[in-house]
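What follows is calculated from the coordinates using simple rules that are stated; it is not laboratory data. Keep in mind that what you see is a predicted model, and the values were worked out from it rather than measured.
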């Protein structure tokens, strides 16, 4: 099974800050599993802004960049999980989120958590179908 799993790394998203990968591709199943992304701009290493909207937009840009590095696109996302530091931010997050996903929308869970890494307001992970084979 390990030979069917490939690590994905791109400089177009923040680098992993622990013992995990930005994403992994399960080649036999044609699936991409993207680790939770914060709203951190990979160029500056800082949050994209102080609002949940700005951080959500950057989370989704980071997800898109990682998914594109696998040869897939955001239209192939089949499941996301959104983690919010405050469920009162749901509406603002949702307005940005809907700009990135069109019909058929991916399945989604959204949960409020006590705290996110680095004091983030939002974190989003994703599972996508792999559209086309791609090397490295």
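Computed extension length for residue 3-residue 41: 10.5 nm, one decimal, from 0.36 nm per residue of separation with the Cα-Cα distance subtracted.
Just one of (1) 122; (2) 106; (3) 253 is volume of the Cα convex hull per residue in Å³ calculated from these coordinates, so which is it? Structure-derived value, by its label: (2). Available extension along the chain between residue 112 and residue 21 is 30.4 nm, counting 0.36 nm per residue and deducting the alpha carbon span. Using Cα-Cα distances under 8 Å and only pairs 6 or more residues apart, what relative contact order does segment 3-70 have, in percent? About 34 percent, as a whole number. The alpha carbon centroids of segment 1-64 and segment 90-130 are separated by 13 Å. The slack between residue 73 and residue 129, meaning 0.36 nm per residue of separation minus the straight C-alpha distance, is 19.3 nm.
Across the chain, the mean sequence separation of Cα contacts (distance under 8 Å, 6 or more residues apart), normalised by length, yields a relative contact order of 30 percent. From helices alone, the chain scores -7000 deg cm²/dmol at 222 nm; the rule is -39500 (n - 2.57) for each run of n ≥ 4 DSSP H residues, then divide by the residue total.
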